[in-house]
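What follows is calculated from the coordinates using simple rules that are stated; it is not laboratory data. Source: prediction; values computed, not measured. Cβ: placed from backbone, ideal geometry, glycine included. Neighbour counts: every protein chain shown.
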Amino acid sequence: MAIPRIVIVGGGAGGLALATRLGRTLGKKKRAEVVLLDRDTTHVWKPLLHELATGVLNSSMDEVDFRGHSSAHHYRYQHGSLNGLDRQRKVIHLAPLLDDDNNEVLPARELTYDYLVLALGSVSNDFGTKGVADHCHFIDSPEQAKAFQRDMINTFLRYTDPELRQHKELTIGIVGGGATGVELSAELLDASRLLNAYGVTATDHQTISVHLIEAAPRILPGLSERISETVQQELEKMGVAVHVGTTIQEAQQYQLVTGDGEVIETDLNVWAAGIKAPPFLAELDLTTNQKNQVNVHQTLQSVDDPHIFAMGDCASCPQGEGSTVPPRAQAAHQQAKLLAKNLVELLDNKPLKDFVYRDHGSLVSLARYDAVGSLMRSSASRGLFLEGWLARRAYASLYRMHQLSIHGAPKTGLAWLVDKLNRYLKPRMKLH
């Protein structure tokens, strides 16, 4: 008798953690075949993409190769992209696999499943704003982050021309005052200092202008007012121009036009305002919401099909009266942990448990300058407010916890040691 096949689509924080857990519990014991499908061959933790975008993170050191990882953790990696679903036949359709020159490596094909898990994450939502798709960078994937870094370095190099520096200062506009926009603002100031130190450019951090633009009345609107106010004060001390209650009606190549008609001259634009699930999810035979998220029960099963699950940013999971699970990395990790148990229970013909999100707090990194946030939040407590050195250590521990979930303690400990050594052996910034 053939063992059941569990197909996980998406190797982000939640999908990779789930594949790892299921590989250890079901794949290793041959109780199920666990397959992870992803269009990329490597994994980079999404909360670190702003560091990859500025060159602080070296992806070759921190990325996880799916093929090597799958071999060590008893699941199978499949390289490809989902582009169709046949629920009646329990089949997903995969798009043709192309190389960098658009030559076909593999034709369109099918992959059968007994249980399907959608863990496709999210992408930036431009809300149909004119010019954004053509004139703004997005930081939703490692490829996009690397593309921004290339443009950033080239822009800094242009400012080695004394005549250009004399007439204007290098200006970067970031639309979206959530965690990505805030952290990128601070990293850009740090990157300018490092580029100057390495002799890449004559521009130092005092001559860079960063505009952070948020439509809500305050930045970090999803976090507490205390965190929001503290972070804004720190950003303004660094020299970031923070615009709150400001919408963007159009993006052009070298400027952003606000809802009030103000023009902000820029050299680079980044769009980090709002998220949505990948648009093609709305084209599948599943019920989705306005953000393309798959509607699921609290068991994380699709409301349309008990054999299909969705988790992380691409799922709309109810939590109490009119609320849903927020799109955060910690939510994806919690869902991966529960879903790994639920799929084992499903194979054992036992009832599934409901997912209940627990907010353990939020931390925001301001590069080398600072970190701010709160920990140990609950329904009865605001949590412990942190800033400075302790907050920076707590923020760094979040990545170590992610590494623990996908590598285990011995390899995570070695990775920590290698990172420490690289602080002395390698440049702090990747320059190519």
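Points worth noting:
- Measuring spread by the Cα atoms of the stretch 127-273 yields a radius of gyration and Dmax of 14.8, 45 Å.
- The separation of the stretch 248-314 from the stretch 85-136, counted between C-alpha centres, amounts to 15 Å.
- Two-decimal log10 I(q)/I(0) for the stretch 1-110, as the Debye equation yields it once each C-alpha is a single scatterer, q = 0.20, 0.22 Å⁻¹: -1.13, -1.23
- Stretchable slack from THR155 to LEU417, in nm (0.36 nm times residue separation minus alpha-carbon distance): 90.9 nm
- Rounded FRET efficiency, nearest 0.05, which uses the C-beta distance separating GLU104 from ALA241 and R0 of 35 Å: 0.15
- Note on ASP114 and LYS337: the model spin-label points, each 7 Å out from Cα along the C-beta direction, lie 2.7 nm apart.
- For the Cα trace of the stretch 211-262, dividing Rg by the Kirkwood Rh returns an Rg/Rh value of 1.02.
- Inter-site label distance for LYS350 and ALA72 at 7 Å from Cα along Cβ, in nm: 2.9 nm
- In order along the stretch 250-256, the phi-based Karplus estimate (6.51 cos²θ - 1.76 cosθ + 1.60, θ = phi - 60°) of 3J(HN,Hα) comes to 7, 10, 10, 4, 10, 6, 10 Hz; Gly and Pro are listed as x.
- Rh by Kirkwood over Cα pairs, then Stokes-Einstein D for the stretch 218-298 at 0.692 mPa s and 37 °C, µm²/s: 207 µm²/s
- Considering only beta bridges that DSSP places wholly inside the chain, some 50 percent are antiparallel.
- Based on C-alpha pairs under 8 angstrom that are at least 6 apart in sequence, the chain has a relative contact order of 16 percent.
- Cleavage-rule hits (GluC sites (Glu not before Pro)) in the stretch 264-366: DSSP loop, at most 10 neighbouring Cβ within 10 angstrom: GLU321
- log₁₀ of I(q)/I(0) at q = 0.32 Å⁻¹ - the stretch 85-135, Debye sum with one point per alpha carbon: -1.12
- Relative contact order for the stretch 82-188: 11 percent, from Cα pairs under 8 Å spaced at least 6 residues apart, divided by residue count.
- Of LYS30/LYS411; LYS30/LYS341; LYS28/LYS353; LYS46/LYS276, pairs whose Cα-Cα distance is over 18 Å: LYS30/LYS411; LYS28/LYS353
- The stretch 52-180 - Rg (one decimal) and Dmax (whole number), Cα, Å: 20.3, 66
- DSSP-loop GluC sites (Glu not before Pro) across the stretch 7-82, with at most 12 other Cβ within 10 angstrom: none
- The amide H of LEU366, built 1.01 Å from its N in the peptide plane, has ALA371, VAL372 as neighbours under 5 Å, considering only residues 5 or more places off or on other chains.
- Phi-based couplings in Hz for the stretch 106-117 (Karplus 6.51, -1.76, 1.60; Gly and Pro marked x): 10, x, 4, 8, 10, 9, 7, 8, 9, 9, 10, 10
- Close amide H partners of ALA32, meaning residues 5 or more places away or on another chain with modelled amide H under 5 Å apart, are GLY27.
- Between the amide H of GLY131 and those of ALA251, distances stay under 5 Å, these residues lying 5 or more places away or on another chain, with hydrogens modeled in the peptide plane.
- In degrees, nearest ten, helix 13-22 long axis to first principal axis of the chain (Cα): 30 degrees
- Charge dipole of the stretch 127-273 about the Cα centre (unit charges at C-beta), most positive-ward option of ILE208, GLN233, PHE156: PHE156
- The orientation-averaged projected area of the convex hull spanned by the Cα atoms of the chain comes to 22.2 nm².
- Across the stretch 26-32, coupling constants 3J(HN,Hα) worked out from phi with the 6.51/-1.76/1.60 Karplus curve, θ = phi - 60°, read 10, x, 4, 8, 6, 7, 7 Hz, and Gly and Pro carry x.
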